[in-house]
Amino acid sequence: MIKINLHDYREELKRLAIQKQVLISASIVMVFVFMILGSWLIDKSRISRVDMEVKDLQQQVSVLQGEVNLVRGMQAKQKRVETILTGIENLRANQMPATQILFDVNLSVPDEIWLTKITQMSKADLARERVPTIFIDNVAAKEAKNKRKKSSAKNPKKENKEFLQIEGHALEDDAVARFVERLEEIPYFKMVFLYKTEQTLIGKTKVRKFSIFCYRPSNHNKTAA
């Protein structure tokens, strides 16, 4: 008679089933691991390509940077030139030959004086600033009378900037007086007067702050610009 131990057989089936499940689970885990590894390698490859493209673009930018700086420099110079030309045209439009006037004024400045500001003004500007014009009213009236005789009645009335305000500092009062005398020697200035002078401090040094007005008729156009 043959005897079969069914208990051992069932236990072997269970063990085989467990081994199969473990093998399937391990296979699934390995598949996920390979998928993650593959995705990481693909991303790394993409990042490497992007880095290479960035480096290429940086090299191109470096090559073009010199040209960009040159263009920016030219644009800045062009703006400065346009500003200067606009200022010159404004002075010419008001019959103020800027180059010659600035040259003559600077030539008249004593060593003890340095200028801080030169402003072109009309008589209306002086009135707004409450600058007394009694010193030049007689001269201005004569010049205006001459201009009315020469000009046509059809020409529109235009306000000319015939006054030059010169501001600056001096180390001594005598230097201001000498400066005024030298300005009076400039032939196209029909009147020069010292508007105000006051003592002030620059650092710890006492100086004289002054303001001078020069009157130049707009019909005086013989001076070269």
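The values are calculated or read from the model by the stated rules, or taken from the named source; none is laboratory data. Because the structure is predicted, anything quoted here is derived from the model rather than measured. Please note: Cβ atoms are built from the backbone with ideal geometry, for glycine as well, and neighbour counts cover all protein chains shown.
Examine segment 197-206 for a residue that is at pLDDT 90 or above and aliphatic (A, V, I, L, M), and state whether such a residue exists.
Within segment 197-206, none of the residues are at pLDDT 90 or above and aliphatic (A, V, I, L, M).
For residues that are over 30 Å from Thr205 (Cα atoms) and in contact with a Gly (Cβ under 9 Å, 6 or more places away or on another chain), tally how many sit in segment 113-129.
0
Among the residues of segment 169-204, how many are of a type in the set (D, E, K, R), under 18 Å from Gln100 (Cβ atoms) and outside any helix (DSSP H, G or I)?
2
Out of all the residues in segment 142-161, is one or more exposed (fewer than 14 other Cβ atoms within 10 Å of the Cβ) and either among the aromatic types (Phe, Trp, Tyr) or at pLDDT 85 or above (or both)?
No, segment 142-161 has no match at all.
Regarding segment 96-111, can at least one residue be identified that is surrounded by 10 or more Cβ atoms within 10 Å (Cβ to Cβ), more than 30 Å from Ile186 (Cα to Cα) and at pLDDT 80 or above?
No: zero hits.
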